[in-house]
Amino acid sequence: MAFWGFGYHAYGFSALFKPIAAELNLSRTATSVPASIGRLEGGVMSPLAGWLTDKFGPRWLIFAGVLLISSAFCLMYLVQSFWSFILVWGVMLAIGIDLALAIPLQAAIGNWFVKKRGLANGIQWTFSGLSGVVVLPIIAWLLTVVDWRMACLIGGIVMFTVGVPLVWFFVRQRRPEYYGMLPDGAIISGKEDEDMTSKGMRYAEEVKEFDFTLRQAIRTRAFWLLVITQSCHFLAAPAISLHGVNFLTDFGFDPVKASSIVALMVGVSIPARLAGGLLIDRVNKEHMRFVMTGAYLLEALGFGLFLLYQTEAMIYVWFVIYGFGMGTGFSVMLPMRVRYFGRKSVGSIMGTARAVTVPIGILAPIFAGWVYDTTGSYIFAFTIIAVLLAVSGVLALLILPPEPPVASIE
C-alpha cells in the first residue's frame, strides 16, 4: 500500500506538477497549495487518528484510508478548477493518506514488534522508497502516452484493486498479545497464570522499553527535542519531492531524466532504510540518538556540497548523499520514539508529535515555490533547508532517553 500510495502522493506529484499547473493555469506557489493543505489537515487529524488507533485498533482506519485514496485518484480525472483540485488532492487524498499510510500503519508496526521493530519499520520504508524508484518513472512514462488525468485514474484503480484485499486479509485490529502471541514472534515464557499483557510488558522491558501515557510523554525533554529535530527533517523531504523535478528541468534536464535523477535519490535511500532499521535494532537505547545525528548531518552535507559547487556532476553527489541520509532518518524515527515511550499510547504520542511537526511540512514547499516565483531560483530555499538540517543533527545529540514513569517501575 505504501509502495503505490506514496508513489503517487509523495513522489508522483513532482511529475504531475507541471502538467496540472499548465492546464489549470496555476503558478508554482498555487500548485503547491493543495499538497500543503493536505499536510495541514494531517496535523489537525493526527491526534484524533492516534487516539482512535490506541482505543479501537488500526484495521478499519487503514481500510477507510485505502478507499479514500482510491476515490481521490479517480476523482482527479474530473478536476477542472483550483478549488476542486484543493478539495480532491488537498483534502480527500490527504485524509486517506493519513489514515492508511501514517499513524495507524506505524502504530501497527510499533505494536507488533519490539526487538525487531527497526527491521520491520525499515522494510515498510523500503517499499515506500521503492515507490520513488519504480512508481515515479511509471508516472513520468504514463504522462508521455496519456494525460495526467488518465494517469491519476489508473493510480486509483490499482490502489483499490490491491489495497482493499491487503487490509482485509492481513491487517489485525489489536496487539499480538490479544491473539496469544508476543511481539516479534517471540517464544512465550513466564508463569502459567500470568496474563499475556503482563508477559508483553515484561518482554519489552528486556530492552528498557517502558510504557508512557501521552501526558507523561509530553512532559519529557526528549519528546520535544524529537519534535524539533524531526521537524527539520520533514522540511527537506516535501520540498524535494514537490519541486525536485521542477528544479532539475529548470537546470536543463528533460522531464524523464529529471524524474530518473529523483528516482536515483530515492533508490540510494532504499538500502539505507533497511540498514538503518537493522542498525537501530542493534544499538542500545542510549545510543539511538547517534544514528539520528549521522542521518541528519548527511542530509545537510548533500545540500551543502551542491550549494558550494553548483554543477551538473554535483547534483548527482547531492542527491546520492542526501538520499542515504534521508533513508536512514526515516528508519530511525518510529523505533526511537516507541523505544523511548513504549507501546501503550504509541498512536496518541505519534499523532501529537505529528500535529506539531506538520506546520514545517506545510511551509516548506510553499516557501520553496514562493522563493522561485520571486527570485527565479530555488537556491535561497535550499540554503535555509541545509542550515536547519545541520542544526537538527547537532540537536539530536541531546536527545537522551527519558527516565521511566513511576507507574512502570513500581
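The values are calculated or read from the model by the stated rules, or taken from the named source; none is laboratory data. Computed from a prediction, not measured in an experiment: that's the story for all the values here. All Cβ positions, even for glycine, are placed from backbone atoms using ideal geometry, and neighbour counts span all protein chains on display.
Quick notes on this structure:
- The conditions of being in contact with a Phe, Trp or Tyr (Cβ under 8 Å, 6 or more places away or on another chain), farther than 19 Å from Gly12 by Cβ and acidic (Asp, Glu) are not met by Glu205.
- Residues in region 137-169 that are of a type outside the set (A, V, I, L, M), surrounded by 13 or more Cβ atoms within 10 Å (Cβ to Cβ) and within 18 Å of Leu61 (Cα to Cα): Phe160, Gly163.
- Within the set Ile349, Ile362, Ile366, the sole residue that is closer than 27 Å to Leu307 by Cα, in a helix (DSSP H, G or I) and touching a Leu at 6+ places or on another chain (Cβ under 9 Å) turns out to be Ile362.
- Residue identified as at pLDDT 90 or above and not charged (D, E, K, R) among Ala15, Ala64: Ala64
- Qualifying residues in region 370-389 (those that are of a type outside the set (Val, Ile, Thr) and out of contact with any Leu (no Cβ under 8 Å at 6 or more places or on another chain)) - the one farthest from Asp98 (Cα to Cα): Gly376
- Enumerated helices (runs of 4 or more DSSP H) restricted to region 1-71, each holding at least 2 residues that are among the charged types (D, E, K, R) and over 24 Å from Thr357 (Cβ atoms): 13-24
- Residue ID - modelled with the highest pLDDT, chosen from residues in region 99-125 that are among the β-branched types (Val, Ile, Thr) and surrounded by 23 or more Cβ atoms within 10 Å (Cβ to Cβ): Val114
- Helices (runs of 4 or more DSSP H) lying entirely in region 152-255 (those with 2 or more residues that are on the phi < 0 side of the Ramachandran plot, under 24 Å from the mean Cα position of the chain (by Cα) and touching a residue at least 60 places away in the same chain (Cβ under 8 Å)): 214-218, 221-251
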